[in-house]
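Read through the structure below, which is laid out as structure tokens, and then see the notes.
Coordinate-derived values only; no laboratory data. From a predicted model like this one, the values you see are computed outputs, not experimental measurements. Counting neighbours? That spans all protein chains shown, and the Cβs are built from the backbone with ideal geometry, glycine included.
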Amino acid sequence: MERLDGSVRGALRRAGVPDAGVLAEVTRAWPGAVGEGIARSAWPQRLARDGTLHVTTVSATWAFELGRMEEEVRAKLRAAIGDATPPALRFAPGPVPSPGAEALPAATPPPPTASEEAEAASLSAAIEDPELREAVCRAVAASLAAARTDRGV
């Protein structure tokens with residue numbers, strides 16, 4: 001007995017409709033392949049009949065920049081999903097889902113370095129209340145440490 005999903009996929013392919021399994025595979029691999037920054041700002045939406053993957057972005061600026069990076073993004077997808085990689089990508093502004101906690105793991109900020117702690121202590125030294133000074137010092141040090149990791153996309 002033949003599985004129903006195989007029959008349906010075959011009929012859809014004969015009608016020129018792209019395989020939905022490819023879109024599902026791309027969607028699963030997208031955050032890991034392109035990175036958290038891009039995944040928060042762009043998301044695969046559909047496959048065209050010619051296999052082109054249409055990706056919506058949060059803004060026209062993101063669409064433009066990712067369009068210029070198409071080959072790099074396709075190379076990352078190819079490394080993640082191999083032959084299922086679409087032959088072309090098109091980026092346009094549109095709805096992008098908010099990532100769920102399971103979709104993108106929360107990044108753990110790095111601990112502050114000694115120089116960041118010293119800078120934080122210097123910046124908060126003028127605060128008279130010792131508890132407030134300590135709280136501000138910790139917050140500044142954490143912010144300085146987090147800024148080191150906010151640079152890449």
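Please figure out what share of the DSSP beta bridges in segment 13-93 is antiparallel and state it in percent, rounded to the nearest 5. That works out to approximately 50 percent antiparallel. Take the Cβ atoms of residue 88 and residue 113, set R0 to 41 Å, and the FRET efficiency comes out at 0.40. With R₀ fixed at 41 Å, the C-beta to C-beta distance from residue 98 to residue 125 puts the FRET efficiency at about 0.55.
Rounded, prolate or oblate for segment 13-93? Axes are the square roots of the Cα gyration tensor eigenvalues, ordered a ≥ b ≥ c, and the cut-off for rounded is a/c under 1.5. Note, shape of segment 13-93 comes out prolate.
The gain in end-to-end length when the residue 64 to residue 50 segment is fully stretched comes to 2.9 nm, 0.36 nm per residue minus the alpha carbon separation.
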